[in-house]
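The structure appears right after this line, and notes come after that.
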Amino acid sequence: MSDPKVYQNYINGKWVDSLSGRTYENRNPADTNEVVGIFQKSNEEDVKKAIDAASEAFKSWRLVPAPKRGEILYRVASRLLSMKEELASDMTREMGKIIDETRGDVQEAIDMTFYMAGEGRRLYGMTTPSEMPNKFNMTIRQPLGVCVFITPWNFPMAIPSWKSMPALIAGNTIVIKPATDTPLSVVNFVRICEEEGLPPGVLNVVTGSGSELSDPLIKNPAVKIVSFTGSTEIGRVVSEACATNFTHCCLEMGGKNVQIVMDDANLELAVDGALWGAFGTTGQRCTATSRVICHKDIAEKFTNALVERAKKLKVGNGLDQSVQMGPCVSQSQLDTVLSYIEIGKKGGAKLACGGERLTGGDHDKGYFVQPTIFTGVTQDMRIWKEEIFCPVLSVATFDTFEQAIEMANDTPYGLSASLFTQDVNKAYTAMRDIQTGIFYVNAPTIGAETHMPFGGTKETGNGHREASEAALDVFTEWKSVYVDFSGALQRPQIDN
Ligand code: UN1
């Protein structure tokens, strides 16, 4: 086998080694013998250089007309589209999710990039009448400056694109620190941006360890916003670090998403939804279904059907098109899932299927675990309360619709929820009363589209939304402009 390729940081339009002289290996979680690439283990100095470059580039990028910025984005989107297959394959090799899903991840980046390219000809503000004669009022969006993105491994290209594209179209410049487990997808994404004409310094990448780089990234006073996707625990640290300089902070954090199945639901559809929601991406989505609550009258029928289907899921290397669930992303994710399976058993839940690490043959090469379902889960159990971020699904039952709503809301998180029912009144009631940022009727808890706001309530977020037009509110500030053409001093609230 040839030596693995060494990938560099991208700072001020140049691919460079880290000043630390250190690197790390990125291995395939489905086959740990394969080194996907060698990446830079960056240090504080690298971060400073990247932030300096982004600060310098901001001076000119903010003045490029937004439609011209959009033209670059259109070219980036077209290149992503033409390279979709190889980008997806690289992503499956570094992250493990199945090739159909990594194609979807790249597609999400394509959608976001085309969408934000179009924003270059909108970025609307508003005009409104002044309360004074011969005076004009309007609002304009202004970029913030240097943005720092700390991005996760579960959507290695989609999430960096959610953050980058609205930031770029609005005239900001960027430093991305990708997740240690998935730097290649971000490097691929940035290389395409470079080749399609993004000027030097506008988008920079430093790879390496989050614990080492977070402080230099977040606390540099030139940084105007930090956008972070990851755990609530780390999000709290990011938020506190941002507070000192009043650095803006956009957080997308944990979830404990619920699917409710009413007694009138189309059960086959509800089983399809739970299976895809819980075991898609090996359960490693913020939006993954980790709780299903079923009306007691259909619970047995629903659960039996779900368990049967879960047992048949083919788990393996995601590059094999017939595989339905890939590995966990890392040893530590695998350890987490195995420890939660023990916690579930000790807590008194019934293990209905799965529960074991998969071994033997090719499974020995990676971090594979069986799709796992616990039934008889109650609200006092840890597997009911805590985010697991792995293919472990907890099933509980309820008597009344009101109880289902109470149970759905019984979590510190508020990202996504879904309801399967044929009753329009219940659907609208749940839509109103469930405390999440995303709500689905007769669809699973996963599957957000790029032109809809993405984010959550309670401990999932801090009030911001990603994707859609809402993302522009994160990466711009409003400037209110008053133009007085009366030729006289006019004092609002006093002279009229
Ligand atoms: C995530 O869950 O981490 O809604 C992001 C979805 C995807 C994005 C998920 N479009 O499932």
* Portion, in percent, of the accessible area of the stretch 257-441 that falls on carbon or sulfur, probe 1.4 Å -> 49
* Asked: Cα-Cα over 32 Å: which of 163/365; 256/311; 177/458?
  -> 163/365
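Over the stretch 168-211, calculate the relative contact order: mean separation of alpha carbon pairs under 8 Å at least 6 apart, over the residue count, as a percent.
In percent, rounded to a whole number, it is 59.
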* Rank by packing, highest mean first: peptides 187-195, 281-289, with packing defined as the count of other Cβ atoms within 10 Å averaged across residues. => 281-289, 187-195
* Asked: In whole percent, what relative contact order does the chain give with Cα contacts below 8 Å and a gap of six or more residues?
  -> 18
* Structure fact -> Rg (one decimal) and Dmax (whole number) from the Cα set of the stretch 1-131, in Å, equal 19.4, 74
* With the full set of protein chains in place, find how many percent of the accessible area of the stretch 51-110 is carbon and sulfur; take the probe as 1.4 Å. => 54
* Summing Lys, Arg as +1 and Asp, Glu as -1, what charge do residues with Cβ under 15 Å from the Cβ of residue 461 carry, residue 461 excluded? -> -1
* To do: Report the charge-dipole magnitude of the chain in Debye, nearest 20, computed about the Cα centre from +1 at each Lys and Arg Cβ and -1 at each Asp and Glu Cβ.
  => 780
* Asked: Which pairs in the list 49/479; 5/41; 68/224; 345/385 are over 20 Å apart, alpha-carbon to alpha-carbon?
  -> 49/479; 68/224
* To do: Enter the Cα centre distance for the pair the stretch 94-166 and the stretch 392-435, rounded to the nearest angstrom.
  => 31
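Dipole size in debye (nearest 20) for the stretch 257-441 around its Cα centre, Lys and Arg Cβ +1, Asp and Glu Cβ -1?
Working: 17 positive and 22 negative charges, 87 e Å.
The dipole magnitude comes to about 420 debye.
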* Sorted by packing (mean other beta-carbon atoms within 10 Å per residue), highest first, where do 311-321, 96-106 land? -> 96-106, 311-321
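Rounded to whole Å and sorted largest first, what semi-axes of the equivalent ellipsoid does the C-alpha gyration tensor of the chain yield via the square root of 5 times each eigenvalue?
Ellipsoid semi-axes (Å, largest first): 40, 31, 19.
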* Asked: Which value, in Å², gives the accessible area per residue of the stretch 122-267 when a 1.4 Å probe is used on the protein heavy atoms?
  -> 31
* Place +1 on the Cβ of every Lys and Arg and -1 on the Cβ of every Asp and Glu in the chain, take the dipole about the Cα centre, and give the residue among 23, 287, 435 whose Cα lies farthest towards its positive end. => 23
* Structure fact -> Expected sort for 463-469, 447-453, 486-492, 171-177 on mean C-beta neighbours within 10 Å, highest first, is 171-177, 463-469, 447-453, 486-492
* To do: Determine the calculated [θ] at 222 nm for the chain from helices alone, applying -39500 (n - 2.57) to every DSSP H run no shorter than 4 residues and normalising by the residue count; nearest 500 deg cm²/dmol.
  => -12000 deg cm²/dmol
* To do: Give the span of the stretch 257-441's Cα atoms along each principal axis, as three whole-Å numbers ordered largest to smallest.
  => 51, 32, 30
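The values are calculated or read from the model by the stated rules, or taken from the named source; none is laboratory data. Just so it is clear, the model here is predicted, and its values are computed rather than measured. Virtual Cβ from ideal backbone geometry, glycine too; neighbours counted across all protein chains shown. SASA here: full protein model, heavy atoms, side chains in, ligands and nucleic acids out. Shrake-Rupley method; radii C 1.70, N 1.55, O 1.52, S 1.80 Å.
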